[in-house]
1. Out of Leu185, Leu178, Leu121, report the one residue that is crowded, with 16+ Cβ neighbours inside 10 Å, in contact with a helix residue (DSSP H, G or I) (Cβ under 9 Å, 6 or more places away or on another chain), outside any loop (DSSP other than H, G, I, E, B) and not small (Gly, Ala, Ser).
2. State yes or no: is Lys138 surrounded by fewer than 18 Cβ atoms within 10 Å (Cβ to Cβ), under 17 Å from Glu26 (Cα atoms), in contact with a strand residue (DSSP E or B) (Cβ under 7 Å, 6 or more places away or on another chain) and among the charged types (D, E, K, R)?
3. Answer yes or no: is there a residue in region 117-138 that is over 17 Å from the mean Cα position of the chain (by Cα), of a type outside the set (A, V, I, L, M, F, W, C) and closer than 19 Å to Pro32 by Cβ.
4. Please indicate, with yes or no, whether at least one residue in region 103-112 is touching a Pro at 6+ places or on another chain (Cβ under 9 Å), more than 18 Å from Asp153 (Cβ to Cβ) and buried (at least 16 other Cβ atoms within 10 Å of the Cβ).
5. Could you grab me the full set of residues in region 84-107 that are in a loop (DSSP other than H, G, I, E, B) and hydrophobic (A, V, I, L, M, F, W, C)?
6. Answer yes if at least one residue in region 157-166 is under 17 Å from Asp67 (Cβ atoms) and either among the small types (Gly, Ala, Ser) or touching a Cys at 6+ places or on another chain (Cβ under 8 Å) (or both), and no otherwise.
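None of the figures in this text is laboratory data; all of them are computed from the coordinates on show. Bear in mind that the values here come from a model prediction, so they are computed numbers and not experimental data. FYI the Cβ positions are ideal-geometry reconstructions off the backbone, even for glycines, and counts take in every protein chain you see.
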Amino acid sequence: MQLKRLIAIILAAGATSAFAQTYNIEPNHTYPSFEADHLGISVWRGKFTKTSGKVVLDREAKTGTMDIAIDANSIDFGHQKMNDHAKSKDMFNVEQFPTITYKGKAIKFNGDQPVAVEGDLTMLGVTKPVTLTINKFKCIEHPMLKREVCGADATGEFKRTDFGLNYGVPRFAPEVKLAIQVEALKAD
């Protein structure tokens, strides 16, 4: 009886994973951006312009994962002096830590819609849990490429000091807000 149950579990697991689809991050349409305090008098906004990775989504089982890599050297505040300072050892130390990663371990669903991602952010060699809220999600057939493309708008928050990015504290508050626009093409 135990053998039959084990076989049924294995078959069910295999059947579930058959519905998983892989989507490759479209780097020209994906820009993680952030907001951070500037002396308590304004909010500075920046983004990273080079992102790669993949999302595995199983809509049938309502699960998924993601593996995202961000080129820390691609930081862009729209102000070259600030960009150069942010890349220095004072802040992102891009020479020693050229890549920021996000490993989404569990995509959560509400009905048929993904609504959150639980994962780990690694920055400056430190890994901490960060949950992203998916505010919008939609898939369509790409009008030019003739294959499925999915897009999402996600937000999250963390304290940069948790990752060792302590520059300017306490003059600059440690809270960082994320806003991530992402598009991903279904893999061939």
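1. Residue meeting the stated conditions: Leu121.
2. So Lys138 fits the description; yes.
3. The answer is no, given that none of the residues of region 117-138 is over 17 Å from the mean Cα position of the chain (by Cα), of a type outside the set (A, V, I, L, M, F, W, C) and closer than 19 Å to Pro32 by Cβ.
4. no
5. Correct list: Met91, Phe92, Val94, Phe97.
6. no
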